[in-house]
Amino acid sequence: MNENFQNQTSRRNFIKTSAVLGGALISPLGFSASGAADSEKIKIGLIGCGGRGTGAASQALKADSNVVLTAMADVFENNLKNSLGALQKEAADKVQVASDHCFVGLDGYQKVIDSGVDVVLLTTPPGFRPQHLKAAVDAGKHIFCEKPVATDAPGIRSVLASVEEAKKKKLALVAGFCWRYNAAERALFNQIHSGAIGDIRAMYGTYYTGPVKPMPPASDRPAGMSDVEWQLRNWYNFGWLSGDGLVEQAVHAVDWLAWAMKDVPPLKCVAVGGRQIPAQGGNIYDHFELNYEYADNVRAFLGCRQQPHCSNDNTGTFYGTKGTARELGFAGMPFIKGETNWRFQGERPDMYQVEHSELFASIRSGNPINNGVRLAHSSLMAIMGRMAAYTGQEITWEMALNSQERLVPENLRWDGALPVKPMAMPGQTQFI
């Protein structure tokens, strides 16, 4: 993994940002009496206390001068304790989590929601996200929701219903597609949408990295540990929990493609993929190559790989009738070459912090941000690509959206048996 990308990825796990962002980023939202007054304390609940959750809580606490963290939940007590300790060291005055507001277990999310918080941060493995999002919206909570928002189509449909309900209730729902909050990328895609490269004819995105959470051998599983606990401890390696590496990680590159197309969904997709590193009991692929087709024969291609000791790249290239735009991810500033050359040269504040600063500013103003539809659509676009690779079939947008394949178990029990679905085999695995 290249140094820039590795450093930034580590920062995601528990980012220590500098001072709260300046007013220039959030001042357009302003504050009004219809929102939350500056003097009104906003209570935050964290659901999912891993590295990303801890980072999100840290950023939320920096986003507003009058916020406090009052409740936390995780299925593993050590995750919660480690996260709480780290946050207390960083912002002791804003971390006010009493022992009876530390919830451990599969039902902890509901206890956080019911604890009197105003905002919830949803950062568990994505298989749980539709259920948690629905519960938060039903309870009238503002939400930060990490990407992806689901691992299967039934989950996406649930999310879209929750998004509409959130709009009716005027609830903020900010998506964890962090690049949408990066000043450089905002400027680049504004250039693209303003016609700087003409009409887009093709796009190519990459997400070539090392393994994220390698699956341990079955011999490492402690005697008596249930299937559910084992899979949760190694959640990234199971499709129902992570959605696969494409859906959980490379979805950022998918979102770039969607952004370039103004979030108009592709018509269909074909894909290839497979597994070269032994899965050791997991059931996800470690590489994909996707081909999306849009109207007017516009094509979008995406390659992703999570294998060690290989070339790494995380970029996007957009080919238009008047020029080419490059998105360089963590590796540099985006630029355009063509009839008019352009390169971003401004400040690039931490995008993870901007997400939360704009979320809380929108709550204060009474004009809540709701990114929910594009959160669901970019997630589905990645799921669509996985479906195409797993089955070997051409998958249309309508097929993906209406799929009846349910990956996430219903009525999940901590001590329950949960057989692992076999690795997908193109030409044999059926589209459902």
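When you scan the stretch 165-181, do you find a residue that is under 24 Å from N82 (Cβ atoms), in contact with a Lys or Arg (Cβ under 8 Å, 6 or more places away or on another chain), modelled with pLDDT of 95 or more and assigned to a strand (DSSP E or B), even just one?
Checked the stretch 165-181: no residue is under 24 Å from N82 (Cβ atoms), in contact with a Lys or Arg (Cβ under 8 Å, 6 or more places away or on another chain), modelled with pLDDT of 95 or more and assigned to a strand (DSSP E or B).
Tell me the residue from V120, V149, V137, V112 that is assigned to a helix (DSSP H, G or I), touching a residue at least 40 places away in the same chain (Cβ under 8 Å), out of contact with any Cys (no Cβ under 8 Å at 6 or more places or on another chain) and of a type in the set (V, I, T), please.
Of V120, V149, V137, V112, the one residue that is assigned to a helix (DSSP H, G or I), touching a residue at least 40 places away in the same chain (Cβ under 8 Å), out of contact with any Cys (no Cβ under 8 Å at 6 or more places or on another chain) and of a type in the set (V, I, T) is V112.
Quick test of your reading of the structure: A139 fulfils all but one of (1) surrounded by 20 or more Cβ atoms within 10 Å (Cβ to Cβ); (2) over 30 Å from G338 (Cα atoms); (3) aliphatic (A, V, I, L, M). Name the failing condition by number.
(1)
When you go through (1) assigned by TED's automatic domain parsing to the domain that holds D313; (2) touching an Asp or Glu at 6+ places or on another chain (Cβ under 6 Å); (3) not hydrophobic (A, V, I, L, M, F, W, C) one by one for T123, which number turns out not to apply?
(1) is the only condition that T123 fails.
Of the conditions (1) at pLDDT 95 or above; (2) part of a helix (DSSP H, G or I); (3) more than 19 Å from P125 (Cβ to Cβ), L80 fails just one. Which one is it?
For L80, the failing item is (3).
Which members of the stretch 316-364 meet the condition of being in a helix (DSSP H, G or I) and modelled with pLDDT under 95?
Correct list: G329, F330, A331.
Among the residues of the stretch 34-45, is there at least one that is within 22 Å of the chain's Cα centre (by Cα) and either under 13 Å from A91 (Cβ atoms) or at pLDDT 95 or above (or both)?
Yes, some residue in the stretch 34-45 is within 22 Å of the chain's Cα centre (by Cα) and either under 13 Å from A91 (Cβ atoms) or at pLDDT 95 or above (or both).
Determine, yes or no, whether W230 is part of a helix (DSSP H, G or I) and surrounded by 20 or more Cβ atoms within 10 Å (Cβ to Cβ).
Answer is no for this residue.
Just checking, how many residues over the stretch 380-432 are among the polar types (S, T, N, Q) and in a helix (DSSP H, G or I)?
Of the residues in the stretch 380-432, 2 are among the polar types (S, T, N, Q) and in a helix (DSSP H, G or I).
For the stretch 205-218, state whether one or more residues are farther than 19 Å from A258 by Cα, part of a helix (DSSP H, G or I) and in the same structural domain as A253 (by TED's automatic domain parsing).
yes
The values are calculated or read from the model by the stated rules, or taken from the named source; none is laboratory data. Only a predicted model underlies this, so the values are computations on that prediction, with no experimental measurement involved. We place every Cβ from the backbone using ideal geometry, glycine too, and count neighbours over all the protein chains shown.
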